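What follows is a single structure, written as structure tokens, with notes after it.
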């Protein structure tokens, strides 16, 4: 009698798809003919495990088997019979690929003949002034990259010559091996899947089809970029091999610090010093912004550390609309050296001003307000 498929794989009937796949993989690796040459017993166990997997990995066939047993799948007459469908191995490369290096099995899968290889991506780093990151700029980037050889047009063959069909695979890019009952297809080791080989290589590129050149690329930096921003320039990386597409160029930006502005998202922050009298009496002062001078009113009685917001004087939103704000923090400067007259006036002011020097009691609500204002 035929053995139960679940017993063959060492699984309970409620096993998941992943458990079935893992169990089969373990048995297949153990009993595969490549690992057990001239061992009929191992070959038979491999066939048995493959038949069990072919049924249990197919949801419809598994349901019939669970209900009617071997009779539900036409008797399961062995590998290649009614109960064994090679089409179930659409994921066979996933099961064996990392061990055997198979590109295909049972003749399925796509052909690799003539498939070009995509060019490598490149990275270049550039440093911007703070203002350039805010307003954007046009700059250039110098890159060293492989480009298609002009002499051979990327074929790798000498001018007037052409690659010839690979004799190993007959131009198919793959070779087929018969292993026991398995027909295994692998990438051709001679042409590496291209289907052709270069017999008369181009002198300029030595048969590679590409040459190394230094090229200057125009790079438009949009307004609002930050330190660490990465910009992708499609198709400006290295040229592909054998007609493959070019890679991409990634430009990574590094932004210098500003003398007194600090950036937080799209907002700018700065500290502006004001005199004792400006803080006490109020004033109109001129402060710098990234767009030029700006008139700002200082309210009378302004305390050191007080902040005010100037809307729309921040950083433009990257690839969007609008700008952030500029937050100005006032720092009241205390004079270090006083003239005799200044000292007399301050002493007179001291005589008519009363300040309670005891510690201030701060409520929890007041502390919370300070955090969000």
Label point at residue 347 placed 7 Å out along Cα→Cβ; residues across the stretch 270-291 whose backbone nitrogen lies under 12 Å: none
Going by average Cβ neighbours within 10 Å, how do the peptides 244-252, 259-267 rank, with the highest at the top? 244-252, 259-267
What's the ranking of 208-215, 152-159 by average number of surrounding C-beta atoms within 10 Å, highest first? 152-159, 208-215
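What's the whole-number percent of alpha carbon pairs in the stretch 122-255 lying beyond 27 angstrom? Each step should come with its number before you reach the end.
Working: 3987 of 8911 pairs.
Percent of Cα pairs beyond 27 Å in the stretch 122-255: 45.
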Go ahead and run the numbers for FRET between residue 18 and residue 118, Cβ-Cβ distance against an R0 of 41 Å, rounding to 0.05. 0.80
Cα Rg, Dmax (largest Cα-Cα span) when computed across the stretch 187-297, Å: 27.9, 90
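Please give the peptides 318-324, 32-38 ranked by average Cβ packing (other Cβ atoms within 10 Å per residue), highest first, as a rough proxy for protection. Could the numbers behind the result be given before it?
Numbers: 318-324: 12.6, 32-38: 14.3.
Ranked by mean Cβ neighbours within 10 Å, highest first: 32-38, 318-324.
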Span per principal axis, largest first, for the Cα atoms of the stretch 273-359 (Å): 58, 31, 19
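Bear in mind that the values in this text are calculations on the coordinates, not laboratory data. Owing to the predicted nature of the structure, the values given are computational and were not obtained by experimental measurement. No Cβ is skipped: glycine too gets one built from the backbone with ideal geometry, and neighbour counts run over all protein chains shown.
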